[in-house]
Every structure is written in C-alpha cells, then in structure tokens.
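This report refers to the structure that appears directly beneath it.
The values are calculated or read from the model by the stated rules, or taken from the named source; none is laboratory data. Quantities reported herein were computed from a predicted structural model and do not represent experimental measurements. Positions of Cβ are backbone-derived with ideal geometry, glycine not excepted, and every protein chain shown enters the neighbour counts.
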Amino acid sequence: MGERRDDDPFVNFLFRIEVEDVGEIRCSECSGLSLEVATEEYHEGGENRFTWTLPSQGRPPLLVLKRGIAQGTDLWDWFVQWLEEGTVAPKEGEVHLLSSPEAGSEPLRVWAFTGGFPVKWTGPELQSLSPEVAFETIEIAHRGIRIRE
C-alpha cells in the first residue's frame, strides 16, 4: 500500500464516538452528521416573477448510533435515566474519523456536538430462525454539530 496523498478521500469505517461521562461508544454505524437551515417563502406584493426564500432557523437532525449488543449497558443507562429520574443531563460529545484502526491513532476529522441527550432507544428484532447479530440503536438530539480543529 502506497503513501497517503493529501487529496485522497478518507474511508468511513474507522470511527469512534466519545460522550461526556458515558465514555467511548463503540458502534458499527453513525448517521445524522448533517445540518440544515429551514427556509420561509415570502411573497412580495407587486412582485410576481419570483418568491423570496429566506433562512429561518437551523435544524440539526438526530445523531443515530447503531451497534451490536454486547455486555455493556452504557447507552441503555444513559437513556433510562429519564425514565427513572424524570431528567436527563445534556452531554457534549464527539465523532472521530480515524486514520487507522490502531488504538491511539490521531483523528482525521472531529465533529463535536453540544447539548446531546438520548430521545429513542431501539432494541433488536429477535428471530429464532435468523443467525444475524442483535443490534441496538440510540437516537441523540443535540443543539448542533461543529467541526473541531
């Protein structure tokens, strides 16, 4: 394998997620790394050729983490805090895109989210005739994502 050039794209299968007070979350999928600005249309009186489109508010989508169920219950514990206590503490977190699978490898890109808290946990679909891995999914609402330098 040759040397990496600066214009080579990064691969998307090497990543980790870290959440304040939860620790590193090992998962097989992470989606929702996007931002969107909602718009409003304004029809100006006397102007019939077009409609103004104006930005109104940012709408970060949910961050969705999916992984095979293992021994740890870190995601479940974070989600069930709201069910048991009636409150959940928003947490800071980061998604790291890594350069290699070795422990301690430097991230190539880091997306940091603020004020994250779990809003949905989905357990596996259990089927006695299917030898597939049992997956759990957690969805995290947050106040926004920024690229950390």
Result of the Cβ filter at 9 Å on region 132-147, keeping first residues that are within 19 Å of Gln81 (Cβ to Cβ) and partners that are of a type in the set (Ser, Thr, Tyr) and at pLDDT 90 or above, at least 6 apart or interchain, is Glu136/Thr122; Thr137/Thr122; Ile138/Thr122; Glu139/Thr122; His142/Thr114; Arg143/Thr114
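For region 86-109, what are the residues that are under 17 Å from Ser31 (Cβ atoms) and hydrophobic (A, V, I, L, M, F, W, C)?
Here is the first cut: in region 86-109, the ones under 17 Å from Ser31 (Cβ atoms) are 93-97, 109.
If the condition is that a residue be under 17 Å from Ser31 (Cβ atoms) and hydrophobic (A, V, I, L, M, F, W, C), then Val95, Leu97 are the ones that fit.
Residue-wise test of (1) in contact with a Ser or Thr (Cβ under 7 Å, 6 or more places away or on another chain); (2) modelled with pLDDT of 95 or more; (3) under 26 Å from Glu94 (Cβ atoms); (4) not charged (D, E, K, R).
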site: Arg109; (1), (2), (3), (4): no, no, yes, no
site: Lys120; (1), (2), (3), (4): no, no, yes, no
site: Glu125; (1), (2), (3), (4): no, no, no, no
site: Ala134; (1), (2), (3), (4): no, no, no, yes
site: Ile145; (1), (2), (3), (4): no, no, yes, yes
Selected residue (only one of Val88, Val64, Val22 is within 17 Å of Phe113 (Cβ to Cβ), of a type in the set (A, V, I, L, M, F, W, C) and at pLDDT 90 or above): Val64
Residue in region 111-149 that is farthest from Ile25 (Cα to Cα), counting only those that are of a type in the set (Gly, Ala, Ser) and under 11 Å from the mean Cα position of the chain (by Cα): Gly144
Just one of (1) loosely packed, with under 10 Cβ neighbours inside 10 Å; (2) modelled with pLDDT of 85 or more; (3) among the hydrophobic types (A, V, I, L, M, F, W, C) trips up Ala103, so point out which. (2)
Can you tell me which condition Val80 does not meet? The list is (1) farther than 13 Å from Leu65 by Cβ; (2) β-branched (Val, Ile, Thr); (3) surrounded by 15 or more Cβ atoms within 10 Å (Cβ to Cβ), and all the others hold. (3)
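Keeping to region 52-65, report how many residues are in a loop (DSSP other than H, G, I, E, B) and under 11 Å from the mean Cα position of the chain (by Cα). Give the derivation first.
Going through region 52-65, the residues in a loop (DSSP other than H, G, I, E, B) turn out to be 59-62.
Keeping just the survivors that are under 11 Å from the mean Cα position of the chain (by Cα) gives 60-62.
So the count comes out to 3.
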Given (1) in contact (Cβ under 8 Å) with a residue 60 or more places away in the chain; (2) under 24 Å from Phe15 (Cβ atoms), identify the lone condition not met by Gly123. (1)
Mind checking which residues of region 57-77 are loosely packed, with under 11 Cβ neighbours inside 10 Å and closer than 30 Å to Glu41 by Cβ? Gln57
